[in-house]
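> Here's a structure for you.
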There are 2 protein chains.
Amino acid sequence: MKLIIIGGVAGGASAAARARRLSEAAEIILIERGPDVSFANCGLPYHIGNVIPQRDKLLVTTPARLRERFRLDVRTQSAVVAIDRQKKLVRIHDLARDVIVEESYDKLILATGAAPVRPTIPGADLPHVYTLRNLADTDQIKQQADRGAKRAVIVGSGFIGLELAENFAHRGIATTILDLNKQVLSPFDVEMTTPLRTAVKNKGIEVLLGQTAEAILPHAEGMTVQLTSGETRLAQLVVFGVGVRPENALAVQSGLEVGPRGGIRVNEFLQTSDPDIYAVGDVIETMDFITGDRTQVPLAGPANRQGRIAADNVFGRHSRYRGTQATAILGFFDHTAAMTGLSEKVLKKMGKAYRKVYVHPANHAGYYPGAEGMTLKVIFDPDSGKILGAQCVGGAGMDKRIDVLAVAIQAGMTVFHLEEMELCYAPQFGSAKDPVNMAGFVAGGLLRGDHPQTDWEAFNTTAEKSYLLDVRTALEFDDGHIPNAVNIPVDELRNRLGEVPQDRPIVAYCQVGQRGYLATRILLQAGFKVTNLGGGYKTYLLHKG
Amino acid sequence: MKLIIIGGVAGGASAAARARRLSEAAEIILIERGPDVSFANCGLPYHIGNVIPQRDKLLVTTPARLRERFRLDVRTQSAVVAIDRQKKLVRIHDLARDVIVEESYDKLILATGAAPVRPTIPGADLPHVYTLRNLADTDQIKQQADRGAKRAVIVGSGFIGLELAENFAHRGIATTILDLNKQVLSPFDVEMTTPLRTAVKNKGIEVLLGQTAEAILPHAEGMTVQLTSGETRLAQLVVFGVGVRPENALAVQSGLEVGPRGGIRVNEFLQTSDPDIYAVGDVIETMDFITGDRTQVPLAGPANRQGRIAADNVFGRHSRYRGTQATAILGFFDHTAAMTGLSEKVLKKMGKAYRKVYVHPANHAGYYPGAEGMTLKVIFDPDSGKILGAQCVGGAGMDKRIDVLAVAIQAGMTVFHLEEMELCYAPQFGSAKDPVNMAGFVAGGLLRGDHPQTDWEAFNTTAEKSYLLDVRTALEFDDGHIPNAVNIPVDELRNRLGEVPQDRPIVAYCQVGQRGYLATRILLQAGFKVTNLGGGYKTYLLHKG
C-alpha cells in the first residue's frame, strides 16, 4: 500500500499517524505546502497576545518527530500541483529545490484545509492587512504588534475575530471590530450574544455592527479603513476574519465532485467521488448529524476524527463518520459562549418546527463563593422533545453544560432525559438541580402542558391582546419592567386573583421564569388562560439587546 | 387530597413544592423535626471553614417562605412519632409546645433522611465528639473551632471526612484522619485515590489507614483518641464521618417493608409496600441504574428528583424513577475526584466481567497556560463495550468529564461512542481530542484487538513469564522504571527488533500508554506476542501508591 496524504495539519497528521499504526508495511508520504506540520491552529491568537509566549509550544509535532516515530516520508514546503487520477499519481512542486517530482499512489487522502477569505476591496493587499491561518501569518501579525501598532481593525466578529480582539487588548492595541451581521458571533442566536457584545464593549473594544471595511487606504500613520457608514478608522493592523473557503483547487482540477459551497463531497466513509481518494477536515462537505443535510464545518475535533476514519477505510476497515454537530466554544477574557447542534436561526431558515427554553442559573451552588451567572438555551422538537441544539453564555462551566448536551444530542435524547440526568454535585461544581436538569424541567413541563410558555418574539407580535403580569416583588418591578406590565408579586397572587382579567390571555413573567411558572400554575388552576414568558425578564433583556 | 410529607430538607422540600405546583387545592403539611427546612447540607463543612462565612447562606429557603409562596402548612420542630396506616393518620409531637397532635392523610411521603453513624466506642458521647448532619451540628463544631480547638481527629475519610479536613486546615486546626479501609475515599478504586492521599498529606494532614478510634478519653487539654495501633492522638474536636443509616424507625414501626441495609423498599414509582405511602431520599433503598440491583445512595441530586417524582405519583401521574448511578464528586483544595456508575471493586465483588482503561491527559490543550494533569479511568463491558463506570482524579475539569460519562451511561452508550463524541474545544477548555475521546480510542482499540492490553494486576501476578519493555527515552527510564524492565525507546524499536525475545510474551509500556500503544502495534505486526501495559508507568505508580 502506498498512501499519499496531502496536508499535514489536523486531519492529515491524524490520518498519517493512524495509517502507520494500522500498517508498518505501508509507504506513507505526507505532503505539506508550509514549513510546519500539525501546529496548534487554535492557539495562534494567544501567541500574538503573549498569552502563549513561546512559539514552539504551538508546534504539536515536527516533521523530524513524525519521521522518527511514525516512519513517515514527510515533505514540507511541497505543494501538490496536480493529481492524475487515471495514472494514480500526484505531481509535487518541491518549493525549496524548485523541482517537480511525481509520486504514484494506491490511495490518496486530501487534507488541504480551508483558506481564510480575503475580500477583494481596495487596499486588501496592503502590507499590514492580514488573515490568520498559520504560523507565518501569526508571526507577521505579532511582529506588527511588536513594532508598536496602536490601533487595529478586525473585520468579522466570529471566533477568530473575537479571540484576536482579546489578544490585541492584551497588547494594548485599541481595536475596532466590524461585522456586516447585526450581531457578534453569528453562529449563535442573536439574543445569546448580548452578554458577549456587552463584554467586548466593556473591554474598551469598539464594535460596529451592520458594517464592514469598504476600502483600506495608505496613511502616514498606517492605514485608513473606510467603513460602510462612511466613517473611517485609523489602524496599523487590519485583520480579516470573515470565514474560510475550502482549498479545493486540486479536487476541482482533477474532477472530483464538490458541493455548492466548495467542500469536497464525501460519503460516510469519507471517500470522494473517486473511490481511491479520501478527503478530511476543513476541505470537505460533511453531514449535519441532526438534520442529515450536507454542511461545511471547519473545526479541529471533527478534522482529527475524520483523519482517523479515512485511514481506517484506506486499510480496509469500514469506519463511518457520523456527521458533525458543530460543537464550538469561544473564550473572551472571563466570558464564555458555547453551542452544539442547530441554532434557532438555522431552524427558522429550514422552516422546521421547534420549541425553546431559557434558564438563567448559576454555574454552581449560589451559597458557595464565586458562583457566576449563565444563560442556557435548549432547542427541541415540539412533538418528541428531541434535543436539536443548545447554547450557553456566561463565565465558568459553559463548556461542561454544552458537552453534556452534545452527548445528549449524540444519543438522540429528549428534554425528558435532561430531567433525569445525574450529574456531579458538590457546591464548588454544580447544584443539586444542575442547570441542565433545570432546562429539562422547564422544557418537560412545557411539553406536558404544565407550563405553557409564550416566547418573547410571539408575545411581541401579539402584545395588544395579552395582559402582561409581572409577578416579581415591587422592588424588582420598580427597578425595571416590560412596558405595560402590571405588578402582582407571586406571593400575593392567590389573594389578588380578582385583579386579574378573566377575558384576556395572561402572560406572566418574573426574573428568570421560576416564579412565573408558579404564577402560571396558580392561574391555570384558577381557570385563567395563562402562559409564562419564556426565560422571564432576563431573556426579555437579552432580546432587547 | 391531603398530603403529609415527613422531612423538610432535600427530598421532602422538593416534593412539597412540586405538589403545590400540581395542585392548588391540596392540603399539604410539611413536617420537620429540626428548626430548619431545605438547608444546604453540602455546604455545612464550608461554613465551619469560614469559606461560606454567612450562616444564612445555608438556608436555601425558610418555613416562612414556603408558607407564603407555596401555601404549605410547614411545621418545624415537630416529630412524627407514629403512623397509623389503618386509620391513615400520623401522630405528631410538637416539640415547642410539647403536645401530641394527630393529622389524617390521604397520601404520605416519607423523607426522613439518614443519620450519621456514631460508633458505640467508649467516649463517643463526650461533649466535643460530633457527627455532621445539620445546622445545629455545624454550629457546635464551628463554635469549638472558634473557641480555639488546635487539634482534631476525623474518623472516616469519605466525602464528609475529607471536606471537613480541608475546612479544619483553613482554620489552622491540625487534623488526623483515620480510616479502617486501606485507602481514603472508599467509594473510589484504591489506585485512583493515590493522588488524593498525597494531596492530603501535602496539606500537613495526617492520614492513618487501616485504623479507627477504639476509645476516646477525657484529657486536660481536650480528649485523647486511642487508635487501633495503640497510639493516641490528642484532640479538642472529634468528628465521626463513617457513613449514614436510613432514619427508618417510623417505617419499621408501621410495618413498611425495609431492605437489609435499612432502606425503605420502594417500587419504581417510589411507592412503599403501602400504596398510600411514598418514600424518597436518603431513607430509601433504590435501584442501581446499571445493574438493576437494590442499593442505597445518599445523594442530594437523586433525593431532589425523587421528591418531584413522588409528588407526581401522589397526584396520579405515572412518573418513574430510573434508578441511581451514584455520580459523586469531591473537591479538596485544588484537587478533585469524581465518579459515576460502578467501580472496579464493586464489579469484582459482583463477579461481573469488565475491562478498564486509564488515560492521563491534561484538562485542556497543553500549549495553553495552566493545563493540569488528570487520570481518567473508564470501566466497560468486555463484550459490548457498554460503559459501566468511570472515575477521574486531578484538578480542574474533572466534573465535566464525569458528567459527560454519566450521560453516556444514562444513554447506554459504549466506549465506541466515546470515540465519536464532539465536545467543546478551544485551548482554554479542552483538546481537539478530549480526554473522553482518548479513553474511547484506547478502549475501542482494546476491544477491536488493535491494542491488546495487560492490566497491572494481571501483569503483577504473571510477571515471571513476560518480558517487560520500557519504550520511553533513556532519560525517562533512568528517572524511574518498573523493576526488570528493559529500555528500548519507541523511536529506535523498529531498528532493534532483534533485541526483543520471540519466545516470550512481551508487555510494553511508556509513561501514559500512547507510545506503548505504538510499540505494541510495531511488535504485533512484526509477529511478536505483545500487549501494552494499561495506562503505562503513571498507572503503575498509582497502583504502587
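> Can you give the mean number of other chain Cβ atoms that lie within 10 Å of the Cβ atoms in peptide A:53-61?
Working: counts 1, 1, 0, 1, 5, 2, 1, 4, 0.
What the average comes to for A:53-61 is 2.
> Assuming a viscosity of 1.306 mPa s and a temperature of 10 °C, what translational diffusion coefficient in µm² per second does Stokes-Einstein assign to the stretch B:50-206, Rh being the Kirkwood radius over Cα pairs? Could you put the intermediate results ahead of the total?
Details: Rh = 19.2 Å.
It comes out at roughly 83 µm²/s.
> Would you mind checking the tilt of helix B:398-410 against the longest principal axis of the Cα atoms of chain B, expressed as 0 to 90 degrees and rounded to 10?
Approximately 80 degrees, to the nearest 10.
> In addition: To one decimal in nm, how far is residue A:2 from the same spot in the other copies, if labels go 7 Å from Cα toward Cβ? Please give the shortest first.
In ascending order, 9.1 nm.
> Would you compute the Debye intensity of the stretch B:329-448 from its alpha-carbon atoms alone, equal scatterers and no solvent, and pass along log10 I(q)/I(0) at q = 0.15, 0.17, 0.21, 0.22 Å⁻¹ to two decimals?
Log-scaled intensity ratios, in q order: -0.61, -0.78, -1.15, -1.24.
> Helix B:10-22 versus the longest principal axis of chain B: what is the Cα-based angle in degrees, 0 to 90, to the nearest 10?
70
> Along Cα-to-Cβ, 7 Å out, sits the label point; list in nm, shortest first, how far the one on residue B:150 is from those in the other copies.
6.3
> If you average the sequence gap of Cα pairs under 8 Å that are 6 or more apart and divide by the length of chain B, what percent do you get for the contact order? Show your work: numbers first, answer last.
Values: 1214 pairs, mean separation 59.0, N = 545.
Here the relative contact order equals 11 percent.
> Right, next: Largest first and to the nearest Å, give the Cα extent of the protein assembly as shown along each principal axis.
Sorted from largest, the Cα extents of the protein assembly as shown read 101, 82, 50 Å.
> Hey, another quick one. Quick one: if the Förster radius is 30 Å, what FRET efficiency do residue B:448 and residue A:291 give, using the C-beta to C-beta distance and rounding to 0.05? Provide the component values of the computation, followed by the final result.
Details: r = 30 Å, r/R0 = 1.01.
The pair residue B:448/residue A:291 has a calculated efficiency of 0.50.
> Leaving out same-chain residues fewer than 8 places away, which aspartates and glutamates sit with a Cα under 12 Å from that of residue B:2?
B:24, B:27, B:73, B:103, B:106, B:276
> Let a ≥ b ≥ c be the square roots of the eigenvalues of the Cα gyration tensor of chain A; is it rounded (a/c under 1.5), or, if not, prolate (a/b larger than b/c) or oblate? If you can, show how the numbers build up before the last one.
Working: a/c = 2.42, a/b = 1.67, b/c = 1.45.
Taking the square roots of the gyration eigenvalues as a ≥ b ≥ c, chain A is prolate.
> Of B:88/B:349; A:400/B:57; A:349/B:400, which ones are farther than 31 Å apart at the Cα?
Working: B:88/B:349 42 Å; A:400/B:57 25 Å; A:349/B:400 33 Å.
Check vs 31 Å cut-off fails for B:88/B:349; A:349/B:400.
> Within 10 Å of each candidate Cβ there may be at most 13 other Cβ atoms; applying that plus a DSSP loop requirement, which GluC sites (Glu not before Pro) in the stretch B:407-480 survive? It would help to have the intermediate numbers written out before the result.
Numbers: sites: B:419, B:420, B:422, B:457, B:464, B:476; in loops: B:420, B:422, B:464.
Passing both the DSSP loop test and the Cβ count: B:464.
> Taking the 0 to 90 degree range and rounding to the nearest ten, how far is the long axis of helix A:435-448 tilted relative to the main principal axis of chain A, both from C-alpha atoms?
Between the helix axis and the principal axis of chain A, the angle is about 60 degrees.
> Right, next: Determine the distance separating the Cα centre of the stretch A:14-34 from the Cα centre of the stretch A:294-311; give it in Å without decimals.
With the stretch A:14-34 and the stretch A:294-311 each reduced to a Cα centre, they are spaced 16 Å.
> Here is a further query. Show which lysines lie in cross-link reach of residue A:201 when reach means a straight Cα distance below 24 angstrom and same-chain residues fewer than eight apart are skipped.
Qualifying lysines at Cα under 24 Å: A:142, A:150, A:182, A:377, A:538, A:544.
> Within the stretch B:152-206, report the trypsin sites (Lys or Arg not before Pro) that DSSP leaves as loop and that have at most 12 other Cβ atoms within 10 Å. The partial results should precede the final answer.
Details: sites: B:171, B:182, B:197, B:201, B:203; in loops: B:171, B:182, B:203.
Those that pass, being in a loop and sparsely packed, are B:182.
> Could you work out, residue by residue across A:407-418, how many beta carbons of other chains sit within 10 Å of that residue's beta carbon, and then give the average as an integer? Could the numbers behind the result be given before it?
Details: counts 15, 4, 1, 9, 7, 1, 3, 0, 0, 0, 4, 1.
The per-residue average across the peptide is 4.
> To the nearest 0.05, what FRET efficiency results for residue B:228 and residue A:95 with a Förster distance of 60 Å applied to their C-beta separation? Please report the intermediate quantities before stating the final value.
Numbers: r = 74 Å, r/R0 = 1.23.
After rounding to 0.05, the efficiency reads 0.25.
> At residue A:450, with labels set 7 Å past Cα in the Cβ direction, how many nm apart are the copies from this one, shortest first?
Between copies, matching label points for residue A:450 lie 4.5 nm apart.
> Name the GluC sites (Glu not before Pro) in the stretch B:197-251 that are in a loop by DSSP and that have at most 15 other C-beta atoms within 10 Å, would you? Present the calculation step by step, with values, prior to reporting the outcome.
Values: sites: B:206, B:214, B:221, B:231, B:247; in loops: B:221, B:231, B:247.
Of the GluC sites (Glu not before Pro), the ones in loops of the stretch B:197-251 whose Cβ has at most 15 other Cβ atoms within 10 Å are B:221, B:231.
> Any idea how far the Cα center of the stretch B:206-226 sits from the one of the stretch A:408-462, in Å?
Using only Cα atoms to place each centre, the spacing works out to 49 Å.
> For the protein assembly as shown, what is the calculated [θ] at 222 nm in deg cm²/dmol (nearest 500), taking -39500 (n - 2.57) for each run of four or more DSSP H residues and dividing by its residue count?
Details: 34 runs with 308 residues, N = 1090.
-8000 deg cm²/dmol, from helical runs alone.
> If R₀ is 25 angstrom, what is the calculated FRET efficiency for the pair residue A:219 and residue A:137, using the beta carbon separation as r and rounding to 0.05? All intermediate terms of the calculation are to be shown ahead of the outcome.
Values: r = 23 Å, r/R0 = 0.90.
E between residue A:219 and residue A:137, to the nearest 0.05, is 0.65.
> Also, I was wondering about something else. For the pair residue B:525 and residue A:396, how long in nm is the line joining their label points, each one 7 Å along Cα→Cβ?
A separation of 4.5 nm, rounded to one decimal place.
> Where Rh is the Kirkwood radius over the Cα pairs of the stretch B:399-494, the temperature 25 °C and the viscosity 0.890 mPa s, what D in µm²/s does Stokes-Einstein return? Provide the component values of the computation, followed by the final result.
Working: Rh = 16.2 Å.
Calculated translational D: 152 µm²/s.
> Could you let me know the centre-to-centre spacing of the stretch A:48-104 and the stretch B:61-121, using Cα atoms, in angstrom?
74
The numbers here are math on the coordinates, done by the rules we state, and not lab data. If you're wondering where the values come from, they're calculated on a predicted model, not measured in any experiment. When we count neighbours, we look across all protein chains shown, and the Cβ atoms used for this are built from the backbone with ideal geometry, even at glycine.
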